[in-house]
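Structure first, then comments.
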Amino acid sequence: MYAYFEGNLVEKNPAYAVIDCNGIAYVLNISLNTFSKIPDKGKCRLYAHMAVKEDAHLLYGFADQEERIMFRSLISVSGVGEATARVMLSSLGPAEIQQAIINGDVMKLKSIKGIGEKSAQRIIIDLKDKLGKDAFGASVSFVGPHNKVKQEALNALEVLGYARNVAEKAIDKTLHDGGDALPLEELVKRVLKNF
């Protein structure tokens, strides 16, 4: 798994960027959102997501971690693949998608090419609680530090082999039981004790 690629941006177009990292060039698929945020040439950092398929290993690059988190949230929804998530992030920014999901705005999501009514409803149903409320029921920002630690803990537990929905419930319970100010390592340790 790659966290990010940092190096010299040697090529950029609306579909992908090529970063030279000490003599090895990586092609990362990007959204229009990322395309507009990165420079045309020179030093650049793209946060990465690697998709492994039977016939290909694809890298996706993001100008910031918020977009990568939204991308990963979207692909966790059944029927939403990497290509669809990239189209969504090319049409709307991460904050706009989050707001549409929280508000249940099916029409806003349907305005994205390739997203029909059923897909929009599924995305809202699957992600509304994850993106809009914390364990205490207060509204939180999707890109806030609390959700970042929660997302990183969830990723760590998935790598350890726990199912996403089971791990998420365990993390929410631990946060609700007073673990909301814990650093990432301690949060994961407490969750593992509760399994």
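The values are calculated or read from the model by the stated rules, or taken from the named source; none is laboratory data. Since we're looking at a predicted model, the values are computed, not measured. A quick note on method: Cβ atoms are made from the backbone with ideal geometry, for glycine too, and the neighbour counts reach across all protein chains shown. Surface areas here come from the heavy atoms of the whole protein model, side chains and all, with no ligands, DNA or RNA. Shrake-Rupley method; radii C 1.70, N 1.55, O 1.52, S 1.80 Å.
Quick rundown of the values:
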{"quantity": "Candidate lysines for bridging to residue 43, where Cα separation is under 17 Å - those fewer than 8 sequence places away on the same chain excluded", "calculated": "12"}
{"quantity": "Beta bridges per DSSP with both ends in the chain, % antiparallel, nearest 5", "calculated": "95"}
{"quantity": "Contact order normalised by residue count of the chain, Cα under 8 Å, 6+ apart, percent", "calculated": "12"}
{"quantity": "Nearest 10 degrees, 0 to 90: helix 65-75 Cα axis against the chain principal axis", "calculated": "70"}
{"quantity": "Rounded to 10°, Cα long-axis angle of helix 145-159 versus longest principal axis of the chain", "calculated": "90"}
{"quantity": "Partners for residue 118 among aspartates and glutamates (Cα-Cα distance below 13 Å; same-chain residues under 8 apart left out)", "calculated": "105, 126"}
{"quantity": "Evaluated at q = 0.09, 0.13, 0.16 Å⁻¹: base-10 log I(q)/I(0), Debye formula over Cα of the chain", "calculated": "-0.36, -0.75, -1.08"}
{"quantity": "Which of 58, 39, 73, positive extreme of dipole for segment 7-89 (C-beta unit charges)", "calculated": "39"}
{"quantity": "Heavy-atom accessible surface of the chain: percent carbon and sulfur, 1.4 Å", "calculated": "53"}
{"quantity": "Tilt relative to the chain, helix 82-91 - C-alpha long axis, 0 to 90 degrees, to 10", "calculated": "80"}
{"quantity": "Within straight-line cross-link reach of residue 41, aspartates and glutamates at Cα separation under 19 Å, skipping those fewer than 8 residues along the same chain", "calculated": "6, 11, 20, 64"}
{"quantity": "Solvent-accessible heavy-atom area per residue, rounded to whole Å², over the chain at 1.4 Å", "calculated": "53"}
{"quantity": "For the chain, calculated [θ]222 nm from helices alone, where every DSSP H run of n ≥ 4 adds -39500 (n - 2.57)", "calculated": "-14500 deg cm²/dmol"}
{"quantity": "Residue pairs, from the table 110/150; 169/189; 108/169; 53/128, whose Cα atoms sit over 23 Å apart", "calculated": "110/150; 108/169; 53/128"}
